[in-house]
Structure formats: structure tokens, C-alpha cells
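Below: one structure, written as C-alpha cells.
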Amino acid sequence: MALEFCSSTYLNGRIVPTELACLPADNHAVNFGTAAFEAFRLYPTPNGSKLLGLDLHLNRLRLSMLSLGLSPMEPEEIIKALWQTINQNNLQQGYVRLLVYPNGNCLALDPSPFPSAALVMAWRSDSSGFLPPLTLGISHIRRPSAGSTLARAKISGFYAVEAAADRNAKKQGFDGNLMLNPDGTICEMTGANIFIVKDSVLYTPILPQSIDGVTRRLVIEFANTLNIPVKEVPLPLGDLMVADEVFVTGTYHQIRPVSAVGGQVLSSPFPGPVTQLLQERFQKMLDNPEDEIASRWLTGTVLEKFTPKPVAQQAYQIRSAELTDIPGIIAGVSSLLAEIRGIPEFQLPSTATNVCQRVIEGKYPGAIFVANPQGDNHSILGLITLTVQEAIHVESSYVLIQELWVHPEHRSQNIGDNLMQAVETYSRQQGISRIEVCLPTHEFPTFYSTYHFYQKSKFHDFGPRMRKMLE
Ligand SMILES: Cc1ncc(COP(=O)(O)O)c(C=O)c1O
């Protein structure tokens with residue numbers, strides 16, 4: 001399963017370009033590993049894409065946060081963040097990771113004074129088929145003991161142990177490592193739970209310190225419906241070596257056969273008959289939304305509950321501004337400045353109309369383009385203003401975009417793209433090949449959406465501009 005990292009990420013209330021989804025260097029979780037996290041799988045089904053085991057993941061997250069002392073977060077906020085990330089990346093199937101972290105600094109160890117914030121990353125997968133069999137080493141690093149109340153929590157800091165054990169496995173040529181409990185019984189695989197089949201009975205370790213896997217629970221449910229007996233027991237290593245079948249379960253691995261442990265090849269074929277039966281039951285759940293298990297385990301989007309109904313698409317035209325457009329242009333630029341500053345209203349000086357008029361009349365090098373509804377020359381749905389500049393460092397003229405605004409009810413209709421197209425056409429006609437824009441800085445609420453728009457339009461970063469006003 002190839003996974004491709006998606007270009008949009010949710011960070012503390014906003015969708016941002018993935019490369020800009022950064023936490024401050026002094027963030028508590030960055031320094032102390034205090035993020036609680038979950039990984040979800042999104043599956044395509046005949047009834048649209050669905051998340052598997054959402055409620056169980058959220059419950060485990062709640063327990064991880066509770067044991068760490070993180071401030072609580074509303075489940076609705078988390079669910080909305082997950083679906084916003086999925087929708088923004090137009091993801092049909094893939095892997096989604098959620099981190100809830102204390103949004104504060106590392107001057108003290110206690111994370112509880114800080115509000116919690118969410119980070120959601122997504123990866124697109126190219127297939128939902130089962131993964132090939134894997135080999136396991138036997139790790140000399142063990143899971144933290146059950147004496148710690150955190151032992152079963154999914155907390156980023158704990159995964160340093162898993163990461164070190166996984167590194168050791170790879171160094172020895174294994175795909176993963178078998179983690180043992182402090183008493184030498186089997187705990188789990190690095191990043192997955194483990195099952196063995198012996199004489200048609202399914203065995204899996206009890207949970208003193210392994211992760212209470214969502215997929216583990218699902219497999220136990222499948223086994224119950226298939227009348228396969230399941231026993232949760234302390235599992236000695238010797239039992240695994242003589243098992244008829246061994247497989248691991250997890251959000252990433254799904255149901256995945258194990259072909260060898262510690263260099264000893266297990267009995268073949270892979271997958272064995274019970275493993276295969278469980279895989280088929282899994283697939284049946286995905287293929288049949290009416291399936292009883294599917295209706296309880298698969299959850300579709302909830303975003304329509306939160307998203308305002310889209311305004312009917314309106315046909316529009318892009319044209320050069322005329323003098324009669326001036327009041328509409330001034331109103332649009334005022335709205336733009338209010339939105340950038342996050343304030344209800346912004347009053348432009350009365351002399352702004354003079355500048356507007358000079359550009360429209362061609363007395364100042366530049367242009368203004370507006371978007372009108374088809375057949376209505378008066379309403380302005382969007383506008384772009386530009387001036388032609390000369391600069392020594394550019395060695396010639398360039399176009400500087402001064403303002404770009406689209407009425408909030410008419411966004412997502414490509415008006416911005418088409419206004420930008422008009423600027424490109426204008427620039428070419430003038431023999432100018434360079435277009436620049438100044439962005440608001442990170443502190444402004446519109447920074448990310450503005451940045452994202454220009455990035456999509458193939459603008460590249462070349463450093464921020466600054467300005468000094470002369471007295
Ligand atoms: C250490 C560990 N155990 C087990 C699991 C399996 O849990 P789930 O099925 O919920 O993904 C995971 C999954 O990430 C894990 O990291």
C-alpha cells in the first residue's frame with residue numbers, strides 16, 4: 001500500500017498547506033512527547049467514504065488524554081477536524097492521523113494548564129487490499145510495565161520505545177518486532193496487536209500493557225459471528241512458535257499474516273484458512289453497507305451538518321473596470337481589508353476613489369478587473385487591482401497585485417482564478433513576465449487561505465516584504 005502525504009493539514013482550527021503545519025519549538029508536546037494520538041482508516045464503500053471504528057478511536061483518545069492530564073476537547077470538534085481534512089484533500093481512501101497536544105510551552109512539565117489543540121494529517125492510499133505476510137524479530141526492548149497507568153495510552157512519547165524496537169528489527173532484516181511483557185509473555189508487535197490460531201481457536205494476549213486495538217476488537221467481533229472461539233490469555237512465546245497461523249491487526253496492517261518469527265518460518269500457507277476467513281469477513285463489511293457490522297463500525301461524513309448550503313452557481317463575466325464601478329470597488333476593497341484584519345468594518349479614506357479613478361482612466365500604470373453576474377453590469381462579485389512597478393532589482397517592470405477580493409457568497413466558483421487569468425493576459429500584452437504580491441503575515445486570520453490560493457496559482461515564496469512610512 002503506497003501512501004502519499006496529502007497537501008492540506010488541519011492545525012488548531014484551520015486547514016493549512018502541509019508544509020506550513022508547524023508547531024513552535026517550545027511546544028510542550030514537541031519537547032515532552034505529550035500528544036495523545038490516533039490513526040484512522042478511511043475506506044471507500046458503495047455509500048461513500050467511511051471511517052472505521054470512529055467511536056472506539058475517540059474513546060481511546062479520551063482515555064489517553066485523561067491519563068496524561070490534557071485538557072478535554074469536544075468530540076464534535078475532533079470529528080469535524082477529521083472530515084475537514086478528508087474533504088479538503090479530496091480523499092476517498094487513506095490513512096488519517098490525529099494528534100491532540102497541549103497548546104503551550106515547555107517551561108513546566110504539567111500540561112493541564114494549556115488548552116488542547118488538534119493536528120490532523122492525511123495520506124492517500126492507492127489500494128485497500130490486504131498487505132503481504134511479514135516477518136517478526138523478537139525485541140529485547142519491552143513495553144513499559146502495566147504498573148504505569150499510561151501503559152495502554154496512545155501517547156507520542158511512548159512511541160520512542162516502539163521506534164527503537166522497530167529500528168532493531170529492520171537492522172536485523174525483519175519487517176517488525178515482537179514486543180514482550182516484562183514477564184516474557186507476548187505483548188504485541190511494534191504498531192499492531194497479535195493473534196495466533198491453534199486447533200481452530202483464536203488466541204490473543206490479555207491487555208495489561210498492550211494497546212486496546214480497535215482492529216483487535218473488530219477481529220474478535222468477526223470471530224464471534226463466524227463461531228470461531230476466541231481466548232484472551234497470557235501468551236507464552238513458545239505457543240507462538242507452534243501456532244497453526246499467526247497474524248497481526250492494526251489500523252495500518254488491517255489483518256496481516258506473519259510468515260516467520262525470530263527467523264523461524266511458521267507453517268504455511270499465508271494467509272492460513274482462519275486468517276483468510278477473517279479477511280473475507282472484513283472485505284464483506286466494506287462491500288456491503290447494509291451489513292450489520294458495517295452499520296455499527298463505519299461512519300460517513302458529518303460535515304453537511306456544519307457546512308452552510310452552497311449558494312447556487314452564478315454565471316459571471318470578467319471585464320476591465322469602468323468609472324461607474326468605483327463605488328463597488330471601494331466597497332469590495334474595504335471588505336477585503338476588514339477580513340484581513342479580522343474586524344467587522346474598514347473605512348477607506350475618501351481620496352481612495354481618486355486613485356481608483358486614475359488607474360481606470362490609465363493615468364497611472366495598472367489595471368482593475370471586476371467580475372459581474374452575467375447580464376448585471378452593476379453588482380461586483382469580485383475584483384483584482386494591479387499596478388505596474390519598476391525596480392532596479394527586477395531590471396524592468398513587473399506587475400504588483402494590490403488587492404484581490406471575492407464576495408464570500410461567491411467563493412469556490414473559480415472567480416479568483418479567472419481574475420488572476422485576466423492579470424496574466426494583461427501582463428503578457430504589456431510584455432511583462434513577472435507578477436508579485438505581498439501577503440498578510442502569519443498572524444492574520446486569512447494568511448493561510450491567501451497563501452494557499454497563490455501557491456495553487458503557481459506563485460513561489462521569495463521572502464516577505466516590509467515597509468517603512470516616511471514622515
Ligand atoms: C503499539 C500498537 N499496538 C496496537 C495497535 C493497533 O491498534 P488499532 O487496531 O487501533 O490501530 C497499534 C496501532 O497503531 C499500535 O501502535
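The values are calculated or read from the model by the stated rules, or taken from the named source; none is laboratory data. From a predicted model like this one, the values you see are computed outputs, not experimental measurements. Methodologically, a virtual Cβ is constructed for each residue, glycine included, from the backbone with ideal geometry; neighbour enumeration extends over all protein chains shown.
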- Filter pass, Gly173 being over 29 Å from Val100 (Cα atoms) and either assigned to a loop (DSSP other than H, G, I, E, B) or out of contact with any Pro (no Cβ under 9 Å at 6 or more places or on another chain) (or both): yes
- If we ask which residues in the range 377-413 are within 39 Å of the chain's Cα centre (by Cα) and over 17 Å from Arg428 (Cα atoms), their number turns out to be 17
- Task: Identify all residues within the range 206-233 that are within 11 Å of the ligand (Cβ to nearest atom) and outside any helix (DSSP H, G or I); write none if there are none.
- Result: Leu207, Gln209, Ser210, Ile211, Asp212, Gly213
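Which of the residues belonging to the range 175-195 are among the aliphatic types (A, V, I, L, M) and either within 12 Å of the ligand (Cβ to nearest atom) or surrounded by 23 or more Cβ atoms within 10 Å (Cβ to Cβ) (or both)?
If we filter the range 175-195 for residues that are among the aliphatic types (A, V, I, L, M), which is where we start, we get 178-180, 186, 189, 192, 194.
Within the range 175-195, Leu178, Met179, Ile186, Met189, Ala192, Ile194 meet the criteria.
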- Considering (1) surrounded by 21 or more Cβ atoms within 10 Å (Cβ to Cβ); (2) closer than 18 Å to Leu178 by Cα, say which one Leu278 fails and leave the rest. (2)
- Among helices (runs of 4 or more DSSP H) lying entirely in the range 273-324, which contain 1 or more residues that are modelled with pLDDT of 95 or more? 273-287, 292-297
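If you go through the range 414-425 one residue at a time, do you hit one that is over 17 Å from Ile368 (Cα atoms) and touching a residue at least 12 places away in the same chain (Cβ under 8 Å)?
Checked the range 414-425: no residue is over 17 Å from Ile368 (Cα atoms) and touching a residue at least 12 places away in the same chain (Cβ under 8 Å).
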- Message: Can you go through Lys198, Lys154 and tell me which one is among the basic types (Lys, Arg) and either away from the ligand (no atom under 11 Å from the Cβ) or over 26 Å from Gly94 (Cβ atoms) (or both)?
- Response: Lys198
- Select from the range 435-449 the residues that are under 24 Å from Ser397 (Cα atoms) and either under 21 Å from the mean Cα position of the chain (by Cα) or modelled with pLDDT of 85 or more (or both) and list them in ascending order. Ile435, Glu436, Val437, Cys438
- Task: Could you please find all residues in the range 234-258 being more than 13 Å from the ligand (Cβ to nearest atom) and under 29 Å from Ser127 (Cα atoms)?
- Result: Asp244, Glu245, Val246, Pro257, Val258
- Checked against (1) closer than 26 Å to Cys22 by Cα; (2) of a type in the set (Ser, Thr, Tyr); (3) crowded, with 18+ Cβ neighbours inside 10 Å, Thr441 satisfies every condition except (3)
- Message: It is to be established whether one or more residues within the range 307-321 are hydroxyl-bearing (Ser, Thr, Tyr), surrounded by 15 or more Cβ atoms within 10 Å (Cβ to Cβ) and within 16 Å of the ligand (Cβ to nearest atom).
- Response: no
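Could we say that Leu303 is surrounded by 15 or more Cβ atoms within 10 Å (Cβ to Cβ), touching a helix residue (DSSP H, G or I) at 6+ places or on another chain (Cβ under 8 Å) and of a type in the set (A, V, I, L, M) here? Steps first, answer last, please.
Values: surrounded by 15 or more Cβ atoms within 10 Å (Cβ to Cβ): no; touching a helix residue (DSSP H, G or I) at 6+ places or on another chain (Cβ under 8 Å): yes; of a type in the set (A, V, I, L, M): yes.
Against the criterion (surrounded by 15 or more Cβ atoms within 10 Å (Cβ to Cβ), touching a helix residue (DSSP H, G or I) at 6+ places or on another chain (Cβ under 8 Å) and of a type in the set (A, V, I, L, M)), Leu303 does not qualify.
Matching residues to (1) surrounded by 18 or more Cβ atoms within 10 Å (Cβ to Cβ); (2) part of a helix (DSSP H, G or I):
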position	(1), (2)
Ala331	no, yes
Leu337	no, yes
Gln347	no, no
Ala367	yes, no
Ala371	yes, no
Ser379	no, no
Thr385	yes, no
- Task: Output the qualifying pairs, or none if there are none: Cβ atoms under 9 angstrom, residues six or more apart or on different chains, first residue in the range 153-168 and assigned by TED's automatic domain parsing to the domain that holds Leu70, second residue in a helix (DSSP H, G or I).
- Result: none
